[in-house]
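Structure first, then comments.
The values are calculated or read from the model by the stated rules, or taken from the named source; none is laboratory data. The model shown is predicted, which means the values in this text are computed figures rather than measured ones. When we count neighbours, we look across all protein chains shown, and the Cβ atoms used for this are built from the backbone with ideal geometry, even at glycine. For the accessible areas, the whole protein counts, side chains as well, though only heavy atoms, and no ligand, DNA or RNA atoms are used. Shrake-Rupley method; radii C 1.70, N 1.55, O 1.52, S 1.80 Å.
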Amino acid sequence: MPRPADEQTEAIIQKNWLDVSNQIAEACQVAGRNPAEVQVVGVAKYVDAALTAQLVQAGCKVIGENRPQLLWEKSEWFEQHQVTQPAWHLIGHLQRNKIRRSLPLVQMIQSVDSWRLAQEISQEAVRVGRIIDVLIDVNLTQDDSKTGILQGELLTHCDQIASLPNLRWRGLMAMSSLGANSPQASLEFAQVRELRDTLSERLKGSGVELSVLSMGMSGDFREAIAEGSTCVRIGSNLWTDVL
Ligand SMILES: *Cc1c(COP(=O)(O)O)cnc(C)c1O
């Protein structure tokens with residue numbers, strides 16, 4: 001059970017946020033990169049809305065949730081408690097029947113894991129007249145435990161995805177394979193970057209710019225940043241001594 005959202009917990013969450021921010025800045029320095037190029041998404045799936053609000057209060061402006069339902073509930077809680085909403089990013093599988101309710105709440109869907117889902121998000125975005133930022137979730141290692149579009153399917157559909165109306169395709173999201181050690185994670189992240197470069201080349205002149213590489217979590221953000229990540233999704237490290 002997570003700790004309740006009391007004052008002591010608030011102090012712990014503030015410290016965790018500072019620690020994580022410093023670790024990321026350090027990883028950027030080691031990689032010779034500007035920390036301003038790397039966005040931190042605080043993954044709040046482990047905690048309730050009150051603790052999520054404390055993380056936002058501590059300075060984390062982008063919150064990632066992997067379950068649409070939990071994102072809806074938290075967004076509603078923020079609304080009811082008149083707490084400023086963070087930018088919500090959906091980072092887990094989106095069932096098609098949950099697109100309609102999720103779309104108005106999220107700034108970005110990082111977890112578009114099939115061509116079909118991309119089409120349906122586009123259709124709904126057209127219907128409600130908004131433009132939605134998305135990443136394509138790629139599964140390069142063909143790991144059964146992971147979601148994500150396989151490289152072949154992505155290459156087959158990349159021109160079509162790029163031309164879907166009201167869908168702003170910003171880049172790729174990926175996870176290293178389960179149990180990967182540090183060199184293996186680095187290798188996999190480099191492959192994601194190379195795939196992004198290949199896609200960018202193919203989409204040259206289409207107006208689509210795949211500038212976002214969302215890769216790196218609590219255990220492998222250093223490797224990801226060294227390989228060019230522009231968005232790290234940090235969960236557990238932000239909830240040390242809270243969970
Ligand atoms: C849970 C989760 C994370 C965060 O993982 P931690 O190891 O807790 O930092 C990142 N991305 C996705 C898609 C997740 O589901």
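Quick notes on this structure:
- For first residues located in the range 184-210 and without any contact (Cβ under 8 Å) to a residue 24 or more places away in the chain, partners that are small (Gly, Ala, Ser) and lie 6+ apart or on another chain with Cβ distances below 8 Å form the pairs Gln184/Ser176; Gln184/Ser177.
- Filtered residues of the range 50-85 (kept if open to solvent by less than 10 Å² (accessible area, probe 1.4 Å) and in contact with an Asp or Glu (Cβ under 8 Å, 6 or more places away or on another chain)): Leu71, Lys74
Yes/no per residue for (1) within 16 Å of the ligand (Cβ to nearest atom); (2) within 16 Å of the chain's Cα centre (by Cα); (3) over 23 Å from Ala36 (Cα atoms); (4) of a type outside the set (Lys, Arg):
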| site | (1), (2), (3), (4) |
| --- | --- |
| Ser163 | no, no, yes, yes |
| Met175 | yes, yes, no, yes |
| Ser186 | no, no, no, yes |
| Gly235 | yes, yes, no, yes |
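- Here Thr230 passes the criteria (1) within 13 Å of the ligand (Cβ to nearest atom); (2) touching a Ser or Thr at 6+ places or on another chain (Cβ under 8 Å); (3) over 24 Å from Ile99 (Cα atoms); (4) of a type outside the set (D, E, K, R) except the one numbered (1).
- Filter result (in contact with a Lys or Arg (Cβ under 9 Å, 6 or more places away or on another chain) and surrounded by 22 or more Cβ atoms within 10 Å (Cβ to Cβ)) within the range 228-243: Ser229
- Residues satisfying the stated conditions in the range 32-44, i.e. surrounded by fewer than 16 Cβ atoms within 10 Å (Cβ to Cβ) and charged (D, E, K, R): Glu37
- Within the range 30-49, at least one residue is of a type in the set (D, E, K, R) and within 14 Å of the chain's Cα centre (by Cα).
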